[in-house]
Structures are given as structure tokens and as C-alpha cells.
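Below is one structure, written out as C-alpha cells; the observations come after it.
The values are calculated or read from the model by the stated rules, or taken from the named source; none is laboratory data. All of these numbers come straight from a predicted model, not from anything done at the bench. So basically every Cβ, Gly included, is an ideal-geometry build from the backbone, and we count neighbours across all protein chains shown. Remember, those area values only see protein heavy atoms, side chains included, never the ligands or the DNA or RNA. Shrake-Rupley method; radii C 1.70, N 1.55, O 1.52, S 1.80 Å.
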Amino acid sequence: MRYFVKLSPAMPEVCRLGLATRGGSRLRPSDVEFAIARGVNYLNWCGQADALSHAIAALGPERSKTVVAVQFQSRSAADAKRELDDILTELRTEYLDIATLYYVESEQEWHEIISPGGAMEHLAAQKRAGRLHCIGLTSHQRRLAAGWAETGFLDLLMIRYNAAHRGAERDIFPWTSRRKLPVVTFTGLRWGALLTSTTEDPPGYQPPTPRDCYRFCLANQHVSVALTAPSDRRELEHSLALLDDWRAPSATELEAIRSHGDRVKRHAGVFW
């Protein structure tokens, strides 16, 4: 598997295992610094002050070696201006690498964003000014997102993908591959369900580890970066174990985790 990927000429190469926060994390700034020291330099901030934002704000000269992405909430240009200015202030940086329009789930939202006076107006202007390098979007609506990827407004998609939820292989990757659009994936552990047994497991079956789950995601050539969002240092170290064993799964391992993903999808309850 490739270890590094370049998402844009304006940004440094990044390790394909990225670090994200999602609110309520028990990570400390020293834990984020530990991940960066291990080579993780794609940092996806949830927008709430936390260990990740504190670590980014303290990067200093090392800032140029990292790619900082944020979950961007605004839909109007006026709100986008305020939000981007607040983000740059909070993170103590003069520019942002990626603003990812967060959870755009309907055509109505998308049209609001790209219409005159929409958030895209301000983000595109900031990209031209050099204060922003890439505009991304995250959504659970795969087919809608694939269509939006065709419009030329976006530089990146952020999509759910794991061994239990593989619909992106059909609905996303053919489109992003054609446009050479990077894809960042989230929920690689299916909120931990992939790490647990099911009542259908074969005798003696051992569920995958976090390392196995992220290896599955990154074995797909269409995935640029897979995000891990650990709750604490212990979970972080489990995820970073992949960096010590950076290889693609064997055909047998791949079949086993796909089969387990199918069992988890049948038994782990509703997950939109």
C-alpha cells in the first residue's frame, strides 16, 4: 500500500492514516503530538476546542508540514466568512488547507451552498486569495455526493467507508476516480461494531483489530486518507499500530473481513 499521498499541489504529502476528533474525546494535546511524531500529518478538526485544535495552534514552524482540515458548517457566504475567520483565529494559522462542507444531505442544501450568496462564493474567493487550499464535502448520500463531485466545485469528498458499509465502491469511487478527486473516509470501525463478535461468526473466529479495519480501508486504491477518531490514548495507539505493519491484506484476510462486515451489518442495528 502507498504510505503517503499528495492531495493537492499546494499541500504537503500526507500519511494516509489521518487523525480526527468528533467531540467528547479524552485525547490530550500530548497525544496529538505523539501521533504527529509517528508521522500522522492529516489532521481533521471537528470545530470544537479540544486537544487537536490546541495542538494545531501550537505547531509553529511545523504547520507547513501538516494538512489541516475542518468540518465547515456554514451554508451562506456571510456565515462562511465569520466561520473561516473564527477557525483561523482559533487554530492560530494564516491559512486553512481544507474546508469540508459538513454533512450536506440534500439537493436543497447543495443549491443553497452554490447559489449566489452561498458559502461556496466565499470559500472560492478565499481559495483564490490563498487563505484556503481545497474545498471538500462530506455526506452520507453517496449518489448525491457523486453528482456534486461532477460539478467542478469540489476538490475532495469525505465519505463513510468500512468493511460493513462498502457502498462507496459502487456509488462513489467510479466517479471520483474519473475526476481524480481525492476521497477521505470516516467511520472505519463502524463505531466499534467491527471489533466485536456476532452470533453468526464461524467457530474460533477472532474479530478484526483497529489496525485490520484501517488496513482494509487503505487497501482500496480509491481511498486517499482513512481517518481514525480515537477517544483516548489507548485507542490512538491501537490505531497507530498500522504504521508498524504497513501492508495490504492478503486475499484470505480481505475475504474474512468482508464476510465479517456483512455479518456486522446484519446484526449491529440501525446506522444511517
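Remark: pairs (first residue in the range 103-117, free of Cβ contacts under 8 Å to residues at least 40 places away in the same chain; second residue part of a loop (DSSP other than H, G, I, E, B); Cβ separation under 7 Å; 6+ apart in sequence or on different chains) = Glu105/His140; Glu105/Gln141; Glu109/Arg75; Trp110/Val104; Glu112/Arg75; Ile113/Arg75; Ile113/Val104; Ile114/Phe153. Take Thr209 and decide whether it is over 17 Å from Val14 (Cα atoms), touching a helix residue (DSSP H, G or I) at 6+ places or on another chain (Cβ under 9 Å) and open to solvent by 50 Å² or more (accessible area, probe 1.4 Å). Judged against the criteria, Thr209 is a match.
The set of residues from the range 110-139 being in contact with a Lys or Arg (Cβ under 6 Å, 6 or more places away or on another chain) and open to solvent by less than 40 Å² (accessible area, probe 1.4 Å) comprises Ile113, Ala119, His122. With respect to (1) open to solvent by 40 Å² or more (accessible area, probe 1.4 Å); (2) modelled with pLDDT of 95 or more; (3) among the basic types (Lys, Arg), the lone exception for Arg266 is condition (2). Exactly one residue among Thr93, Thr89 is at pLDDT 95 or above, among the β-branched types (Val, Ile, Thr), more than 20 Å from Phe4 (Cα to Cα) and outside any helix (DSSP H, G or I), and that residue is Thr93. Applying the condition of being free of Cβ contacts under 8 Å to residues at least 60 places away in the same chain and open to solvent by less than 20 Å² (accessible area, probe 1.4 Å) to the range 64-75 and asking which residue is farthest from Gly147 (Cα to Cα) yields Thr66. For the range 76-109, the set of residues classified as open to solvent by 50 Å² or more (accessible area, probe 1.4 Å) and closer than 23 Å to Asn41 by Cα consists of Asp86, Thr89, Glu90, Arg92, Glu94, Tyr95, Tyr102, listed by residue number. Scan Arg234, Arg215 and give me the residue that is basic (Lys, Arg), open to solvent by 60 Å² or more (accessible area, probe 1.4 Å), at pLDDT 95 or above and within 23 Å of Phe34 (Cβ to Cβ). Being basic (Lys, Arg), open to solvent by 60 Å² or more (accessible area, probe 1.4 Å), at pLDDT 95 or above and within 23 Å of Phe34 (Cβ to Cβ) holds for just one of Arg234, Arg215, which is Arg234. Of the residues making up the range 38-53, those that are buried (at least 19 other Cβ atoms within 10 Å of the Cβ) and within 17 Å of Ser231 (Cβ to Cβ) are Val40, Leu43, Asn44, Trp45, Asp50, Leu52, Ser53.
Out of the residues in the range 237-263 meeting the condition of being free of Cβ contacts under 8 Å to residues at least 24 places away in the same chain, farther than 15 Å from Arg211 by Cβ and open to solvent by less than 90 Å² (accessible area, probe 1.4 Å), tell me which one is farthest from the chain's Cα centre (by Cα). The residue in question is Ala251.
Please tell me if Leu194 is surrounded by 21 or more Cβ atoms within 10 Å (Cβ to Cβ), modelled with pLDDT of 95 or more and closer than 26 Å to Ser8 by Cβ. No: the conditions fail for Leu194.
Of the set (1) within 20 Å of the chain's Cα centre (by Cα); (2) in a helix (DSSP H, G or I); (3) crowded, with 22+ Cβ neighbours inside 10 Å, all apply to Met158 but (2).
Only one entry of Leu43, Leu27, Leu19, Leu84 meets the criterion of being part of a helix (DSSP H, G or I), of a type in the set (A, V, I, L, M, F, W, C) and under 20 Å from the mean Cα position of the chain (by Cα), and that entry is Leu84.
The residue of the range 1-37 that is surrounded by the fewest Cβ atoms within 10 Å (Cβ to Cβ), among those that are over 19 Å from Pro210 (Cβ atoms) and of a type in the set (Val, Ile, Thr), is Val5.
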